[in-house]
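Worksheet: one structure, shown below.
The values are calculated or read from the model by the stated rules, or taken from the named source; none is laboratory data. Bear in mind that the values here come from a model prediction, so they are computed numbers and not experimental data. Note that each Cβ is placed from the backbone with ideal geometry, even for glycine, and that neighbours are counted across all protein chains shown.
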Amino acid sequence: MLNDLQLNSILEDFDIAYWKINLLTKEITWSDHFESLVGKPSLEEPIFDFFINKVLHKDYKYDFRIAFDNLISTTDNLNQEIKIKIQNDKYRWFECRNLKSKENSSKEIAVLLFVNIHQSKRDQYTIEENFFYYRETAEMTSTGGWYIDGLSKSIYWDDVTKRIFDCPKDFQPDYEERMRFYATEHQQMAISMFDKCEKYGIPFKIELKMLTHHGREFWVVATGKPVYSDEQEIIGIRGVFQDIDVNKSNELNLQNSLDIIATQNSRLFNFAHVVSHNLRSHSSNLSLVAQLLTESNDAREKLNLLDNVVDISDNLDDAISELNSMVSHHGLLTKERSNVSFNKALDIVVAATSSLINRERAKIISEFTALKEINYIPEYLESILLNLITNAIRYKHPGRKPVIFIQTYMANDQCFMEVSDNGMGIDLEQYGDKMFGMYKTFHRNPDAKGIGLFITKNQVETMGGSISVTSTINIGTTFKIKF
Amino acid sequence: MGQKIELACIIDDDKIYVNLVRKIIEIKKLSENLLIFKNGLEALDYFKVILSNMTEDKLPDIIFLDLNMPIMDGWEFLGEFIKIKNNFDKKITLYVVSSSIDPRDLERAKSFNLVTDYLIKPIELKKFEKIFDKVA
């Protein structure tokens, strides 16, 4: 057996302090090392009271006293983590436990060990703290973690991921059904992304439209990286989903407003162009006439010049009424939408253009069975049909009778109308961007006024739709309207 | 005004404007002859014929080019004219004349080397005389 001295020096070497307690006299002796840690006890109060009042952190007073009483009265084992004030007035973590008595050891002496566990306790706190911050960050940024185990073909989602997808906490995503959380239009992209990551180890970061447990669409940023085994084989994919729906819908709204502003701007620009060109050219002619009138001394010449004034005034009048019609077209929004039948609208337009249609022996075929009517401003639909039909006839192929095919249909919950012709077609490479501008005429056709498509585009856009065109020279042109 | 210009050319679809300019040129005796085209394509066709016949005496000394015209506008004409212009020995002065006051049109016109200046309609009689004077 080791004697006290030997035991003491061993315990000191290991930075272990201890108390020796005489169970009969309840006398407590501190080891030298313990004393060097906390300082000498004062002589005014019993050593235990001194420890409780001056050394032990007050959070542990109650529990420690009970445990200590149990130890000396019933020799229950004592094992506690406590904070003790050491000499520099700082608290340190110690593990306090009694030395278990062997069968032959004295029943009169108990030994209480104090082991410094401050460092490991601090590490543990740091980890807990980090984990707390990680959790908070994940919650606050709506970022959820996931793992796909490529070997067992199973999926793990953490709590935040489950919350993002509106799933209950005990939800277990099914590997076979994993694609149901991706919006249809993004499934292909997601599959190829996961595929590339799983097969070739290519990480990804991508914005995706996904679906919650209940099928609500929302935007996420999905980030994924391959997980390798020790043999450097890919065994799974680990990553995060970040819910960016709020940002994304803000972004889309912003883009939408931007588009509207750009459209308005281009309208204003076109308008300014008409004002600048049409009105100014007449006023400048007027000014030229005036200059010539002052210069000329010949009475007959002056009369001739006055004829010009009449012409200019007529042209000016035309220009102003044309501008007026454009402005009133823009103002038409005050008119109300109603359910308009495509057949009826077409009948009205055909009746109005019957002389042109008959003269050119144009054939109009309509197919409205898939979408018979639409909630629209009737005058707009008629005007759109009128412009597209007269356009098709005007730019017919010289060797063919014009045939115009008009079809309506639904796709992706959207209403569409296509107007196709067998006309001369147009070089979109050259004119595509100018197509719907004002006063653009592309064909060697002096009748062209170049305002029809501008108005059509404006009407379609005012109603929240869009118009596009495809064309092949000598084959024909198709206008597609998304309502 | 010592000598007159031999041949001036107007490319413009505004009949009234063309008539008035014709009058100015007559009254002020600014040019011996006058060529008038309703749009860029008519003018371009004319220049192509000259090119193939090599009859440079039919080339104008000065061109007034409008921008907004049907069929082939002033910009398209400029684009085509650049390609054939270097085949002519004769110096041709070209003015863009437009009622457009859009600064972008002005910038774009000046970006062409062969454009001497951009004139905004209406042009004053005095200015007309000065321009013809300079060229002659």
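Is there a residue being in contact (Cβ under 8 Å) with a residue 40 or more places away in the chain and more than 60 Å from the chain's Cα centre (by Cα) anywhere in segment A:45-66?
So the first thing to find is which residues in segment A:45-66 are in contact (Cβ under 8 Å) with a residue 40 or more places away in the chain, and the list is none.
No, every residue in segment A:45-66 fails to be in contact (Cβ under 8 Å) with a residue 40 or more places away in the chain and more than 60 Å from the chain's Cα centre (by Cα).
Just to verify a result, which residue in segment A:333-345, among those that are under 22 Å from A:E461 (Cβ atoms) and not in a strand (DSSP E or B), is modelled with the lowest pLDDT? Working first, answer last.
Filtering segment A:333-345 for residues under 22 Å from A:E461 (Cβ atoms) gives A:333-340, A:342, A:345.
Next, only the ones that are not in a strand (DSSP E or B) stay: A:333-337, A:342, A:345.
Numbers: A:L333: 50, A:T334: 53, A:K335: 63, A:E336: 75, A:R337: 80, A:F342: 91, A:A345: 87.
Among those that are under 22 Å from A:E461 (Cβ atoms) and not in a strand (DSSP E or B), it is A:L333.
Could you check, for segment B:115-126, whether at least one of its residues is closer than 18 Å to B:D12 by Cβ, out of contact with any Lys or Arg (no Cβ under 6 Å at 6 or more places or on another chain) and part of a helix (DSSP H, G or I)?
Yes, the conditions are met somewhere in segment B:115-126.
Residue check: is A:P398 closer than 29 Å to B:L41 by Cα, away from chain B (no Cβ under 14 Å) and modelled with pLDDT of 80 or more? So that I can check it myself, show each step before the final result.
Details: closer than 29 Å to B:L41 by Cα: yes; away from chain B (no Cβ under 14 Å): yes; modelled with pLDDT of 80 or more: yes.
Against the criterion (closer than 29 Å to B:L41 by Cα, away from chain B (no Cβ under 14 Å) and modelled with pLDDT of 80 or more), A:P398 qualifies.
For segment A:348-371, which residues satisfy the criterion of being loosely packed, with under 13 Cβ neighbours inside 10 Å, on the phi < 0 side of the Ramachandran plot and at pLDDT 85 or above?
Step one: of segment A:348-371, the residues loosely packed, with under 13 Cβ neighbours inside 10 Å are A:351, A:354-355, A:358-359, A:361, A:363, A:365, A:369-370.
With the extra rule that they be on the phi < 0 side of the Ramachandran plot, the set shrinks to A:351, A:354-355, A:358-359, A:363, A:365, A:369-370.
Correct list: A:K363, A:I365, A:T369, A:A370.
Taking A:S266 as meeting all but one of (1) more than 14 Å from every other protein chain (Cβ to nearest Cβ); (2) surrounded by 12 or more Cβ atoms within 10 Å (Cβ to Cβ), write down the number of the exception.
The number of the failed condition is (1).
Give me the strands (runs of 3 or more DSSP E) completely within segment A:107-225, filtered to those with at least 1 residues that are free of Cβ contacts under 8 Å to residues at least 60 places away in the same chain, among the small types (G, A, S) and farther than 30 Å from A:K26 by Cβ, ordered by residue number.
Working: elements: A:109-116, A:143-149, A:154-157, A:204-211.
In segment A:107-225, the matching strands (runs of 3 or more DSSP E) lie at A:154-157.
Just one of the numbered conditions (1) over 22 Å from B:K23 (Cβ atoms); (2) within 14 Å of another protein chain (Cβ to nearest Cβ) is not true of B:E129; which one?
(1)
For residues in segment B:6-26 being under 13 Å from the mean Cα position of the chain (by Cα) and in contact (Cβ under 8 Å) with a residue 40 or more places away in the chain, which is surrounded by the fewest Cβ atoms within 10 Å (Cβ to Cβ)?
Within segment B:6-26, the match that is surrounded by the fewest Cβ atoms within 10 Å (Cβ to Cβ) is B:L7.
Hey, could you check segment A:444-474 for residues that are modelled with pLDDT of 85 or more and not hydroxyl-bearing (S, T, Y) and say which is nearest to B:E76 (Cα to Cα)?
A:V469
Here is a list of conditions, (1) free of Cβ contacts under 8 Å to residues at least 40 places away in the same chain; (2) within 14 Å of chain A (Cβ to nearest Cβ); (3) surrounded by fewer than 17 Cβ atoms within 10 Å (Cβ to Cβ), and B:K90 meets all of them except one; can you say which number that is?
Just one mismatch for B:K90, condition (2).
Among the residues of segment B:27-38, are any in a helix (DSSP H, G or I), at pLDDT below 85 and either at the interface with chain A (Cβ under 10 Å from one of its Cβ atoms) or surrounded by 20 or more Cβ atoms within 10 Å (Cβ to Cβ) (or both)? Spell out the reasoning first.
Step one: list which residues in segment B:27-38 are in a helix (DSSP H, G or I), which gives B:27-28.
Keeping just the survivors that are at pLDDT below 85 gives B:27-28.
Keeping just the survivors that are either at the interface with chain A (Cβ under 10 Å from one of its Cβ atoms) or surrounded by 20 or more Cβ atoms within 10 Å (Cβ to Cβ) (or both) gives B:27-28.
The answer is yes, given that some residue of segment B:27-38 is in a helix (DSSP H, G or I), at pLDDT below 85 and either at the interface with chain A (Cβ under 10 Å from one of its Cβ atoms) or surrounded by 20 or more Cβ atoms within 10 Å (Cβ to Cβ) (or both).
Against the condition within 14 Å of the chain's Cα centre (by Cα), at negative phi and hydrophobic (A, V, I, L, M, F, W, C), how does B:F88 come out, does it pass? Full working, then the answer.
Values: within 14 Å of the chain's Cα centre (by Cα): no; at negative phi: yes; hydrophobic (A, V, I, L, M, F, W, C): yes.
No.
Looking at (1) within 47 Å of the chain's Cα centre (by Cα); (2) at pLDDT 80 or above; (3) surrounded by 14 or more Cβ atoms within 10 Å (Cβ to Cβ), which one does A:V246 not meet, given that it meets all the others?
Here A:V246 clears every test but (3).
Among (1) within 23 Å of A:F14 (Cα to Cα); (2) under 60 Å from the mean Cα position of the chain (by Cα), there is one condition A:F34 misses while meeting the rest; what is its number?
(2)
For segment A:308-325, give me each residue that is at pLDDT below 85 and more than 8 Å from chain B (Cβ to nearest Cβ).
Scanning segment A:308-325 gives A:D314, A:L316, A:D317, A:D318, A:A319, A:I320, A:S321, A:E322, A:L323, A:N324, A:S325.
Among the candidates A:F132, A:F181, which residue alone is outside the structural domain of A:F94 (by TED's automatic domain parsing), touching a Leu at 6+ places or on another chain (Cβ under 6 Å) and not small (G, A, S)? I'd like the intermediate steps shown before the answer.
On the way: A:F132 fails: touching a Leu at 6+ places or on another chain (Cβ under 6 Å).
Checking each option against the conditions leaves just A:F181.
Can you spot a residue in segment A:292-302 that is in the same structural domain as A:M193 (by TED's automatic domain parsing) and surrounded by fewer than 12 Cβ atoms within 10 Å (Cβ to Cβ)?
Within segment A:292-302, not a single residue is in the same structural domain as A:M193 (by TED's automatic domain parsing) and surrounded by fewer than 12 Cβ atoms within 10 Å (Cβ to Cβ).
Here are B:E80, B:E107, B:E76, B:E42: which of them is assigned to a helix (DSSP H, G or I), over 22 Å from B:L7 (Cα atoms) and under 15 Å from the mean Cα position of the chain (by Cα)? Spell out the reasoning first.
On the way: B:E80 fails: over 22 Å from B:L7 (Cα atoms); B:E107 fails: under 15 Å from the mean Cα position of the chain (by Cα); B:E42 fails: over 22 Å from B:L7 (Cα atoms).
After applying the criteria, what remains is B:E76.
Against the definition (surrounded by fewer than 20 Cβ atoms within 10 Å (Cβ to Cβ) and modelled with pLDDT of 80 or more), how does A:F479 come out, yes or no? Even if it seems obvious, please write down each step before you answer.
Numbers: surrounded by fewer than 20 Cβ atoms within 10 Å (Cβ to Cβ): no; modelled with pLDDT of 80 or more: yes.
No: the conditions fail for A:F479.
From (1) buried (at least 16 other Cβ atoms within 10 Å of the Cβ); (2) within 14 Å of the chain's Cα centre (by Cα); (3) within 29 Å of A:F131 (Cβ to Cβ); (4) not small (G, A, S), pick out the condition that doesn't hold for A:H186.
(3)
Of the residues A:K40, A:K61, only one is surrounded by fewer than 18 Cβ atoms within 10 Å (Cβ to Cβ) and in a loop (DSSP other than H, G, I, E, B); which?
Working: A:K61 fails: in a loop (DSSP other than H, G, I, E, B).
One residue alone meets the criteria, A:K40.
Could you go through segment A:274-296 and let me know if any residue there is over 30 Å from A:I455 (Cβ atoms) and away from every other protein chain (no Cβ under 13 Å). Walk me through how you get there before you give the answer.
Filtering segment A:274-296 down to residues over 30 Å from A:I455 (Cβ atoms) leaves A:287-296.
Those left that are additionally away from every other protein chain (no Cβ under 13 Å): none.
There is no residue in segment A:274-296 that is over 30 Å from A:I455 (Cβ atoms) and away from every other protein chain (no Cβ under 13 Å).
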